[in-house]
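To keep things clear, I will list the structure first and then write my remarks on it.
The values are calculated or read from the model by the stated rules, or taken from the named source; none is laboratory data. These numbers come from a predicted model, not from an experiment. Note: ideal-geometry Cβ built from the backbone for every residue, glycine included; neighbour counts use all protein chains shown. Note: areas computed on protein heavy atoms with side chains; ligands, DNA, RNA excluded. Shrake-Rupley method; radii C 1.70, N 1.55, O 1.52, S 1.80 Å.
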Amino acid sequence: MDKFVINGGFPLKGEVVISGAKNAAVAIVAATILSDEPCVLENVPEISDIGICLKILYEMGAGVRIIDKNTMRIDTRNISDPVVPYELARSMRASSYFLGTLLGRFHRADVPMPGGCDLGDRPIDQHLKAFNALGAKHTIDGGVVSLRADSLLGNQIYFDFNTVGGTINAIFAAVKADGLTVIENAAKEPHIVDLANFLNSMGADIMGAGTDVIKIRGVKRLKGVTYAIIPDQIEAGTYMVAAAATKGDVFIKNVIPKHLESITAKLRKVGVTVEEFDESVHVFVEGPLMKTTLKTLPHPGFPTDMQPQFSTLLTVADGASIVTDDIFDNRFRYVSELRRMGADITVDGTTAVIQGVSGLTGATVRASDLRAGAALVIAGMMASGTTVIENIFHIERGYENIDDKLRGLGADIKRVTDYEPIRKAI
Ligand code: EPU
């Protein structure tokens, strides 16, 4: 398995171009199942979660042609058996999207319970509630979720709490159902708007995406389109924090600054300068970093997917910061690794108290999930000495060419494989 070896202490400087949004792309790739014609997707990030989505489509009989590394033509007309293979479903949370898309097209689906980042228990009860409201029955047998419906009929769906995946699956099941579906207490993340834009460009009738009430009038057919995925808000935020954490000066290009508002606001609060342009942001630090309080919230609040990276920045801020993240049960698993690097963090349930220290020191650490991995990369670049990050496959699930992009900004980061002595890379 590959590792990253990072020699820290170099401020990031220069320009970095942000890739397409992972969480939009996994939904949009799955959505091609609902299309009656081939689609061309552009600005698709080259990450392993997309590789898994494409493999699932391919295994079910779809044609997938890679035009270039970020552009592909997907033709799902030949899918006949709506069954997702176990190993593929287990390796990714977004495999749950095949429940909604297969149900929407075939009125049946068999999908093993999804896997993905281990952030604590990740139930799908709200997804099932939405499918049931539209007329589908579900069973769970041997870890496989099976959905069956004679027909799908529009209905009112009220989510008990904010769920990104539940909202997306409800849209999938409703887009070709008969009549009107109204989703209340819907999630508002930018990737939900992007998905709705994609489906509407194919002929769907979805109104209100980006607000907490989404209305969907079912249509009979969806035509093929060429569609470019939005830039990745979390990848952009990660580079913003990396620039600040290394006391660097970085232009982050191909972003939608509006999607970054909560991250920008928090960075400014702790003393980082963020200048906004039409499609880029410029991040640099002049003075000391200050403590803050941070609470993650659904969009437009501060995203949980940025909490580990931002907390890492706070490890060297002046004073004690308090970070609360209760969106998932267990999003502080990276803390024990940061402690190995000298961070002073105590966690009580879903709250962390981070007492700023004068600096971090390199260590061998292990990524426990995607954003935890990104946080450790940032920590490695901040630290004195050498940091080795194990289990980087987690990071590759969601960051396109992270080591190349960081080297382009002046970081000393190398990828080594297990059989190559780490010593050689240092
Ligand atoms: N939940 C339930 N029941 C459900 C659905 C969700 O209890 O039926 C709970 C979850 O366990 C969690 C909370 O509700 O405690 C929110 O979950 P949500 O459904 O919003 O999350 P998700 O769809 O599983 C997506 C992203 C995550 C991101 C969250 C929150 C994708 C593929 N994943 O997950 O992204 O953290 O929304 O914004 O879009 C990441 O990119 O690193 C990542 C983990």
Q: Name the long-range amide H neighbours of A317: under 5 Å, sequence gap of 5 or more, or other chain; modelled H, no Pro or chain starts.
A: V357
Q | Of P298, P112, P45, the one that fluctuates the most in a GNM where the chain has Cα springs shorter than 10 Å | A | P298
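Under the 0.36 nm per residue contour assumption, what length would be gained going from the current alpha-carbon distance of V17 and D418 to full extension? If you can, show how the numbers build up before the last one.
On the way: separation 401, 0.36 × 401 = 144.36 nm, distance 2.97 nm.
So the chain would gain 141.4 nm between V17 and D418.
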Q: Using θ = phi - 60° and the Karplus relation 6.51 cos²θ - 1.76 cosθ + 1.60, list the HN-Hα couplings for the range 80-90 in order, rounded to whole Hz, with x at every Gly or Pro.
A: 10, 10, x, 10, 8, x, 4, 4, 6, 4, 5
**Q.** Proximal aspartates and glutamates to K55, defined as alpha-carbon separation beneath 15 angstrom and excluding residues fewer than eight positions away on the same chain
**A.** E46, D75, D81, E87
Q. Taking springs between alpha-carbon atoms closer than 10 angstrom, which of A265, A187, A170 fluctuates most in the Gaussian network model of the chain?
A. A265
Q) Quick one: which of K253/K295; K69/K291; K69/K215; K69/K129; K247/K414 span more than 32 angstrom between C-alpha atoms? A) K69/K291; K69/K215; K69/K129
Q) Based on DSSP, what percent of beta bridges with both residues in the chain are antiparallel, to the nearest 5? A) 70 percent
**Q.** Inter-label distance for D329 and E276, nm, one decimal - labels placed 7 Å from Cα along Cα-to-Cβ
**A.** 3.8 nm
Q: Scan around A383 for amide H atoms under 5 Å from its own, H built in the peptide plane at 1.01 Å from N, and keep only partners 5 or more places away or cross-chain.
A: G9
**Q.** Karplus 3J(HN,Hα) series, Hz, for the range 284-293 with 6.51 cos²θ - 1.76 cosθ + 1.60 (x for Gly, Pro)
**A.** 8, 10, 10, x, x, 8, 10, 5, 7, 10
Q: Report the relative contact order of the range 34-113, percent, no decimals, based on alpha-carbon pairs under 8 angstrom and at least 6 residues apart.
A: 30 percent
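Over 36 Å apart: what share of the alpha carbon pairs of the chain falls there, rounded to a whole percent? Don't jump to the answer; show the numbers that get you there.
On the way: 23282 of 90525 pairs.
The proportion of pairs with Cα distances above 36 Å equals 26 percent.
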Q) Near the amide H of A21, under 5 Å away, which other amide H atoms are found, from residues 5 or more places off or on another chain, if H is placed in the peptide plane? A) I230, D232
Q.
Can you compute 3J(HN,Hα) from phi for each residue in the range 50-63, using the Karplus curve 6.51 cos²θ - 1.76 cosθ + 1.60 with θ = phi - 60°, rounded to whole Hz and x for Gly and Pro?
A. 5, x, 5, 4, 5, 5, 4, 4, 4, 4, 7, x, 6, x
Q. Per residue of the chain, what 222 nm ellipticity follows from adding -39500 (n - 2.57) for every DSSP H run with n ≥ 4, rounded to the nearest 500?
A. -9000 deg cm²/dmol
(Q) Going Cα to Cα from K137, which aspartates and glutamates come in below 14 Å? Please leave out same-chain ones fewer than 8 positions away. (A) D110, D125, D150
(Q) Under 20 Å from a point placed 7 Å out from the Cα of N401 along the Cα-to-Cβ direction: which residues of the range 43-75 have their backbone N that close? (A) 43-52, 66-73
Q | Heavy-atom accessible surface of the range 22-228: percent carbon and sulfur, 1.4 Å | A | 49 percent
Q: Express in whole angstrom the spacing between the alpha-carbon centres of the range 1-51 and the range 358-424.
A: 18 Å
Q: With springs connecting C-alpha atoms under 10 Å apart, model the chain as a Gaussian network and identify which of T315, T304, T292 has the largest mean-square fluctuation.
A: T292
Q.
Multiplying the sequence separation of D125 and T346 by 0.36 nm and subtracting their Cα-Cα distance, what value in nm do you get?
A. 76.3 nm
